[in-house]
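Remarks on the structure that follows.
Read-outs throughout are calculated quantities, based only on the coordinates presented, and are distinct from any laboratory measurement. If you're wondering where the values come from, they're calculated on a predicted model, not measured in any experiment. Positions of Cβ are generated from backbone atoms using ideal geometry, with glycine treated the same way; all protein chains shown enter the neighbour counts.
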Amino acid sequence: MKRRQALKQLSGAGVALLTLGRAEIAWGASIVAVRMWPSPDYSRVTIESDAALTYTETFVPDPPRLAVDIQNMSLNPALKELVSKVVPDDPNIAGVRVGQFSSTVVRLVFDLKQPVNPQVFSLNPIAPYQNRLVFDLYPVAAVDPLEQLIAQRLKQLENSVAAAADPLGDLLAERGLSAPVKSQPPKAQAAAKPQKTDRIIVVTLDPGHGGEDPGAIGPGGTYEKDVVLQIALKLRDRINQTTVNGNPLRAFMTRDADYFVPLQSRVKKALRVDSDLLISIHADAFYTPRPQGASIFALSTKGATSAAARWMASKENAADLVGGANQEIKDTQVSQAIIDMSTTAQIKDSLRLGDAMLGELGRIGNLHKPRVEQAGFAVLKAPDVPSVLVETAFISNPDEEKRLRSDAYQTQVADALLKGIKRYFESNPPLARSRQI
Ligand SMILES: [Zn+2]
């Protein structure tokens, strides 16, 4: 109650201040934009400004809320916009209050739905952004990728009559889990016991970029992050209906919506669900409109196979800078371990997978490079997991941008990649699982 009264007084003060006019409040930074990115992993709030912001933050556990004071700032329409940007199904944020706390300080209060580990950090300007102040609110009870895999599968089953034949129970048993988090649809219960299968193959699909990171932007304004997600969702549906030599395939998405996942988190997620493959899906871009065609990359531990491949890897590895990963918490020990554990055998398998996919992509369109190239892509470093990065087409080429947007081409790409995956497993049957998770 007390707080509410205080805020009421604060907003009164804000109005008074705003009437002073521009000249008196011309200090500090101007807000360029505010953005919110709710997701199952974490909820993010970004405040973009034309100069770095000075701030202090306080987390209050009961009821859970995060208060942030921004210095040398007056309440303005852009900040007020935050209030209306909270969506009802944000897993973490219940609401935002914005007020003029003192003549020089704006206070933001995020009311939270559950206890969170807040990470507040600022990012230096990098195209296409100016200075950013980022609040990442991670639920204290973090979402386990394995549960995400099950939830993704159940969501799909709810809309599917093919539910009866789904060996989800086997998948769970194989990974040491018993019951699904939600009860299965009645159809599944009424059906006969699913056929015993040899082995469930998990294919991790990694749509590049997301959230703050649009990826490459086409001349017509198409975002790479959007088209690669659409292609990945199509491929997911196909994978989930596929069986190779009696082994059912199941897709796991590192993201299935528009939010940013740091590169290392993508790798960790793939490892957590004990992936048999990782396929990172992207769209290429160049400074000029002419380059075209699809290409596929695998990891290299000893230098890139070409200057272009090296350039591509450094471009894709910069995703964390644009997408905004908190560099301070980067677990350098883990990342170094991951790099060291990538093996020659894994890379050999990645090249086989890439070859199979490239052959199929060549049937539906142009290839930019006739063979799989190699470079040090951070997202391809999951130890023991054959991993490739697919550049589906050049989004910077106006014709290919149009194709990337079209349902027909997205379907063709998904079909081609699935054929490549099947061909790979037909000649490289999955081994018995050796890793325990
Ligand atoms: Zn990309």
message = Distance cut-off 25 Å, Cα to Cα: go down the list Lys225/Lys269; Lys155/Lys268; Lys113/Lys315 and report the pairs above it.
response = Lys113/Lys315
key: Estimated FRET transfer efficiency (Thr343, Arg290; beta-carbon r; R0 45 Å; 0.05)   = 0.75
task = Return the percentage of antiparallel bridges among DSSP beta bridges fully within the range 197-427, rounded to the nearest 5 %.
result = 25
key: Under the Karplus curve 6.51 cos²θ - 1.76 cosθ + 1.60, θ = phi - 60°, whole-Hz ³J(HN,Hα) for the range 94-104, x wherever Gly or Pro sits   = 8, x, 10, 10, 10, x, 7, 7, 9, 4, 10
key: Cα-Cα pairs of the range 197-427 separated by more than 27 Å (percent)   = 26
query = Tell me, what HN-Hα J-couplings in whole Hz come from the Karplus equation 6.51 cos²θ - 1.76 cosθ + 1.60 at θ = phi - 60° for each residue of the range 284-295, using x for Gly and Pro?
reply = 6, 8, 9, 6, 10, x, 6, x, 8, x, 8, 8
key: From the C-alpha gyration tensor of the range 229-294, square roots of 5λ in Å   = 26, 17, 11
Gained length - Ser306 relative to Ala408, 0.36 nm times residue gap less alpha-carbon distance = 33.5 nm
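In debye to the nearest 20, how big a dipole does the range 197-427 give about its Cα centre with +1 on each Lys and Arg Cβ and -1 on each Asp and Glu Cβ?
The calculated dipole for the range 197-427 is roughly 440 debye.
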